[in-house]
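Participant: What follows is a single structure, and I will ask about it in a moment.
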Amino acid sequence: MKFMGLLVEGKLVVKREGRFPGKNIILAILEKGSLFGEMAVAASHQHSVTISAVEETQAYVLSFDNAQKLFQKEPALSIKLLKKIVVVCGLRLQHTGSRLAELL
């Protein structure tokens with residue numbers, strides 16, 4: 001299922017399977033106010049990471065299908081949402097670049 005979410009309460013760990021089966025790499029820890037899964041809605045991408053709750057968590061979820069309806073019915077709100085997604089993606093890319101530079 002394609003969806004994105006807004007973390008309202010709690011903490012989520014974002015991880016990806018490493019080179020060795022069963023070994024995960026923690027990519028991020030998300031806290032209140034964080035978006036997750038946004039590329040599934042904005043660009044119809046499949047989820048490429050696993051997200052796990054590390055404490056009691058509440059989130060608002062927007063499915064791909066409902067996002068498409070939102071884009072049709074509420075263009076002004078959709079533009080705000082897409083701008084937020086662009087900012088989040090840009091910040092994550094910047095953070096990834098910094099982490100990569102530390103390794104080199």
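The values are calculated or read from the model by the stated rules, or taken from the named source; none is laboratory data. Everything quoted here is computed from the prediction, not taken from an experiment. Positions of Cβ are generated from backbone atoms using ideal geometry, with glycine treated the same way; all protein chains shown enter the neighbour counts.
Participant: Tell me the residue from 36, 71 that is free of Cβ contacts under 8 Å to residues at least 60 places away in the same chain, aromatic (Phe, Trp, Tyr) and in contact with a helix residue (DSSP H, G or I) (Cβ under 8 Å, 6 or more places away or on another chain), please. Spell out how you get there, then give the answer.
Facilitator: Working: 36 fails: in contact with a helix residue (DSSP H, G or I) (Cβ under 8 Å, 6 or more places away or on another chain).
After applying the criteria, what remains is 71.
Participant: Sticking with this one: Restricted to segment 19-38, and to residues that are of a type in the set (Gly, Ala, Ser) and exposed (fewer than 11 other Cβ atoms within 10 Å of the Cβ), which residue is nearest to the chain's Cα centre (by Cα)?
Facilitator: Residues of segment 19-38 that are of a type in the set (Gly, Ala, Ser), as a first pass: 22, 28, 33-34, 37.
Those still in the list that are exposed (fewer than 11 other Cβ atoms within 10 Å of the Cβ) too: 22, 33.
Details: 22: 22, 33: 11 Å.
So, considering only residues that are of a type in the set (Gly, Ala, Ser) and exposed (fewer than 11 other Cβ atoms within 10 Å of the Cβ), the one nearest to the chain's Cα centre (by Cα) is 33.
Participant: On the basis of being over 19 Å from residue 4 (Cα atoms), modelled with pLDDT under 95 and among the polar types (S, T, N, Q), does residue 98 make the cut? Spell out the reasoning first.
Facilitator: On the way: over 19 Å from residue 4 (Cα atoms): yes; modelled with pLDDT under 95: yes; among the polar types (S, T, N, Q): yes.
Spelling it out, residue 98 is indeed over 19 Å from residue 4 (Cα atoms), modelled with pLDDT under 95 and among the polar types (S, T, N, Q).
Participant: So is residue 37 in contact with a Phe, Trp or Tyr (Cβ under 7 Å, 6 or more places away or on another chain) and under 20 Å from residue 96 (Cβ atoms) or not?
Facilitator: Numbers: in contact with a Phe, Trp or Tyr (Cβ under 7 Å, 6 or more places away or on another chain): yes; under 20 Å from residue 96 (Cβ atoms): yes.
In short, yes.
Participant: Here is a list of conditions, (1) small (Gly, Ala, Ser); (2) modelled with pLDDT of 95 or more; (3) surrounded by 17 or more Cβ atoms within 10 Å (Cβ to Cβ), and residue 10 meets all of them except one; can you say which number that is?
Facilitator: Checking residue 10 against (1) small (Gly, Ala, Ser); (2) modelled with pLDDT of 95 or more; (3) surrounded by 17 or more Cβ atoms within 10 Å (Cβ to Cβ), the one that fails is (3).
Participant: Let me ask something else about it. Can you go through 29, 51, 85 and tell me which one is farther than 13 Å from residue 5 by Cα and at pLDDT 90 or above? Working first, answer last.
Facilitator: Numbers: 51 fails: farther than 13 Å from residue 5 by Cα; 85 fails: farther than 13 Å from residue 5 by Cα.
Selected residue: 29, the only one of 29, 51, 85 that is farther than 13 Å from residue 5 by Cα and at pLDDT 90 or above.
Participant: Could you tell me which of the residues 54, 41, 87 is surrounded by fewer than 16 Cβ atoms within 10 Å (Cβ to Cβ), touching a residue at least 24 places away in the same chain (Cβ under 8 Å) and of a type in the set (Val, Ile, Thr)? Before you say what the answer is, go through the steps one by one.
Facilitator: Working: 41 fails: surrounded by fewer than 16 Cβ atoms within 10 Å (Cβ to Cβ); 87 fails: touching a residue at least 24 places away in the same chain (Cβ under 8 Å).
Only one candidate qualifies: 54.
Participant: Does residue 77 qualify as being surrounded by 14 or more Cβ atoms within 10 Å (Cβ to Cβ), over 30 Å from residue 18 (Cβ atoms) and free of Cβ contacts under 8 Å to residues at least 40 places away in the same chain?
Facilitator: no
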